[in-house]
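*Asks:* Structure provided below as structure tokens; questions to follow.
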Amino acid sequence: MDNQQPLKILTLDGGGLQALATLSSICAVCQAIAKENKAARIPAPHELFDIICGVGTGGWIALLLGRYRLDIATCMAVYMEIARKVDSDRTTSRWPRRNRAFKLDQERLVSVVEDTLLRYGLDASLLREDSPLTNTFERGQTRCAQAFAVGVKQGRNIRDPEYELFRSYTFKDKTTATLPGPEPKKCRTSQAFAAVGAAKFFLKPYKVGKSVFFDETFPQSHPISSVALDEALALHGPNVEISVLLNIGPGIPSEQDCRTLDSMSIGPISRLARKFSWPGRKEASLKEKLSKNKNSQNEVHHHDSTPSTPSESALRLECQRRLDIRDRLKALYGDSGSDKYHHLGPDYSLEKASLNDVHAIRLFRTRSRESQSSAAEIGGAVSQYWVNTRA
């Protein structure tokens, strides 16, 4: 591995049925690289990154960009086609009562992915078999050798979930510390989409082999950058140099989206009951009232340290994970290690985006304060790591 060039790794967050914001950020990175280097064309992500991976819909995009080596425009078209066709219409008879808690039609997802890949002339097998012939959408020399999507296994302990990797490559030298995953030769890309997308409110649990996948942590994210770092070290050895670890995400689902999805998952009577308040059966004692009042005052004083909503709690956890990955890189590469990690994206996603961003596409045209700061971050990362550098 002495001749191994420094790795560039791209990791993509999930967050419901939203990927357009992530793709927009990736596109901005690629455009900035082309502009700074005065390139004749905008490079595709597979020409810039050695490893591309993601979780949830971020996993869908990772496979489209890395496994199929699509450019941004084609990837966006494929994603929009899939997202449009799998969103179930609850006003029709196609929505079974037993599937009330799930927003997407999972059987249709598998079928749509298969049909869409076929229509674009892409092999629906998860394993990529490199050959002298490139597909229609590849341009230039590819750099991406590994692309994978992360599936969250269904389990009793949702605070410490287990993961499996849907790899589009073979990995012979696995160790006990390497995350498991289905055999790529025996797995379809459509199965990977159904498994990594299986999450509360969206898709039912999905079984691949002996493993059942279902993410019950929504709206919390997952440590995709740490998973990617583990995989990179396992693939290339503990002494491999990493020059960039870029994480891009659409942001934590907004509180309004969480409430909307929650209301969709219950029956009409329960939805109606939530609109009413009624005094409790037992009047609280004076001691309990004083204690409650004291706790409320403490919450006001410590608001920043005590999240009050699922979205705030998810953001707090995500911020901690960003600190953790910087600490890991610092431990591996010294003081400069933490500078190898970059995160691009807003703290919270735009309203209705996590429900289905294809239907909320107009929202992404809004120039919010978060998007402006992200643009500045993109420019800084490009100037530091891609301009006039061979690696």
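*Asks:* Going through region 184-218 one residue at a time, which ones are of a type in the set (A, V, I, L, M) and either more than 15 Å from the chain's Cα centre (by Cα) or in a helix (DSSP H, G or I) (or both)?
*Replies:* Going residue by residue through region 184-218, those that are of a type in the set (A, V, I, L, M) are 192, 194-196, 198-199, 203, 208, 212.
If the condition is that a residue be of a type in the set (A, V, I, L, M) and either more than 15 Å from the chain's Cα centre (by Cα) or in a helix (DSSP H, G or I) (or both), then 192, 194, 195, 196, 203, 208, 212 are the ones that fit.
*Asks:* On to the next question. Just for region 152-173: of the residues that are surrounded by 14 or more Cβ atoms within 10 Å (Cβ to Cβ) and within 21 Å of residue 49 (Cβ to Cβ), which one is modelled with the lowest pLDDT?
*Replies:* 171
*Asks:* Limited to region 81-109, what total is found for residues that are modelled with pLDDT of 80 or more and open to solvent by less than 30 Å² (accessible area, probe 1.4 Å)?
*Replies:* 7
*Asks:* Does residue 23 satisfy the criteria of being crowded, with 23+ Cβ neighbours inside 10 Å, closer than 18 Å to residue 231 by Cβ and not small (Gly, Ala, Ser)?
*Replies:* Numbers: crowded, with 23+ Cβ neighbours inside 10 Å: yes; closer than 18 Å to residue 231 by Cβ: no; not small (Gly, Ala, Ser): yes.
Considered against the rule, which asks whether it is crowded, with 23+ Cβ neighbours inside 10 Å, closer than 18 Å to residue 231 by Cβ and not small (Gly, Ala, Ser), residue 23 comes out as no.
*Asks:* Ok, one more. Considering only residues that are within 20 Å of residue 230 (Cβ to Cβ), modelled with pLDDT of 90 or more and of a type in the set (S, T, N, Q), which ones fall in region 174-213?
*Replies:* Hits for region 174-213 are 178, 211.
*Asks:* Checking residue 257 against (1) more than 30 Å from residue 7 (Cα to Cα); (2) open to solvent by 80 Å² or more (accessible area, probe 1.4 Å); (3) at pLDDT 55 or above, which single condition isn't satisfied?
*Replies:* The one condition residue 257 does not meet is (2).
*Asks:* When only residues in region 3-19 that are open to solvent by less than 10 Å² (accessible area, probe 1.4 Å) and modelled with pLDDT of 90 or more count, which is nearest to residue 350 (Cα to Cα)?
*Replies:* First, the residues of region 3-19 that are open to solvent by less than 10 Å² (accessible area, probe 1.4 Å): 7-12, 17-19.
So of that shortlist, the ones also modelled with pLDDT of 90 or more come out as 7-12, 19.
Values: 7: 32, 8: 29, 9: 26, 10: 23, 11: 20, 12: 17, 19: 12 Å.
Ranking the candidates gives 19 first.
*Asks:* Hey, can you tell me all the residues within region 189-244 that are surrounded by fewer than 20 Cβ atoms within 10 Å (Cβ to Cβ) and at positive phi?
*Replies:* Answer for region 189-244, where residues must be surrounded by fewer than 20 Cβ atoms within 10 Å (Cβ to Cβ) and at positive phi: 209, 237.
*Asks:* Looking at region 47-60, which of its residues are farther than 19 Å from residue 214 by Cα and either outside any strand (DSSP E or B) or modelled with pLDDT under 95 (or both)? Don't jump to the end; show me each part of the working.
*Replies:* Pass one, region 47-60, residues farther than 19 Å from residue 214 by Cα: 47-52.
The answer is 47, 48, 49, 50.
*Asks:* Are there any pairs, at least 6 apart or on different chains, whose C-beta atoms fall under 6 Å, with the first in region 100-119 and closer than 19 Å to residue 56 by Cα and the second in a loop (DSSP other than H, G, I, E, B) and of a type in the set (Phe, Trp, Tyr), and if so, which?
*Replies:* Note: pairs meeting the criteria are 103/201; 103/202; 104/202.
*Asks:* To continue, here is another question. So, residue 21, is that one part of a loop (DSSP other than H, G, I, E, B) and either farther than 16 Å from residue 358 by Cα or touching a residue at least 24 places away in the same chain (Cβ under 8 Å) (or both) or not? Don't jump to the end; show me each part of the working.
*Replies:* Values: part of a loop (DSSP other than H, G, I, E, B): no; either farther than 16 Å from residue 358 by Cα or touching a residue at least 24 places away in the same chain (Cβ under 8 Å) (or both): yes.
No; evaluated as a whole, the condition is false for this residue.
*Asks:* Sort out which residues of region 170-189 are in contact with a Pro (Cβ under 9 Å, 6 or more places away or on another chain), in contact (Cβ under 8 Å) with a residue 60 or more places away in the chain and under 12 Å from residue 127 (Cα atoms), and write them in order of number. Before you say what the answer is, go through the steps one by one.
*Replies:* Residues of region 170-189 in contact with a Pro (Cβ under 9 Å, 6 or more places away or on another chain): 170-171, 174.
This time we only want the ones that are in contact (Cβ under 8 Å) with a residue 60 or more places away in the chain, so: 171, 174.
Residue satisfying the conditions is 171 alone.
The values are calculated or read from the model by the stated rules, or taken from the named source; none is laboratory data. Worth saying up front: this structure is predicted, and the values here are computed from it rather than measured. Ideal geometry is used to build each Cβ from the backbone, glycine not excepted, and the neighbour counts take in all protein chains shown. Please note that ligands, DNA and RNA were not included when accessible areas were found on the heavy atoms of the full protein model with its side chains. Shrake-Rupley method; radii C 1.70, N 1.55, O 1.52, S 1.80 Å.
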